[in-house]
Amino acid sequence: MGKENTKKITKYAGVYNDLADLLGEEAVELIFQTMSGQQITLPRKLYTKDYVIQQTKNITDQKELKKVAIRFGYSERRLKQLLRQECG
């Protein structure tokens, strides 16, 4: 008996396959239809500075501020700096 070809064939090429695993095929098709041919670079920060400031300006507990800073991808020091700049 001969060897059977057991190579797994994926439907989508490269990053589209990764996106299909994360988002589903319907979302990948939509992304392809609207953005194919474009090169996309995703920033390291998901949220705008204004949104981060809005969400954190009323936090007074240092432990909570540290947790929120990490959640938004900032150091506690940088978050405090942003808050000082915003509040004057």
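Please treat every number below as a calculation from the coordinates, not as lab data. Remember, it's a predicted structure, so these values are computed and weren't measured experimentally. In this analysis, Cβ positions are derived from the backbone assuming ideal geometry, glycine residues included, and neighbour counts consider all displayed protein chains.
Summary of values
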| item | result |
| --- | --- |
| For Cα extents along the principal axes in Å, calculated from these coordinates, the label among (1) 33, 30, 21; (2) 75, 33, 19; (3) 43, 22, 20 | (2) |
| Filtered GluC sites (Glu not before Pro), the stretch 1-62: DSSP coil and at most 13 other beta carbons within 10 Å | 4 |
| 25 Å Cα-Cα reach of residue 11 towards lysines, excluding residues that sit fewer than 8 places from it in its own chain | 3 |
| Aspartates and glutamates whose Cα lies under 17 Å from that of residue 8, excluding same-chain neighbours fewer than 8 positions away | 18, 21 |
| All lysines inside 28 Å of residue 67 as judged from Cα atoms, apart from same-chain residues fewer than 8 positions distant | 45, 49, 57, 80 |
| Per-residue Cβ neighbour rank within 10 angstrom, fewest leading, 22, 65, 82, 42 | 42, 22, 65, 82 |
| Helix axis angle, 62-72 relative to the chain longest principal axis, alpha carbon, degrees | 30 |
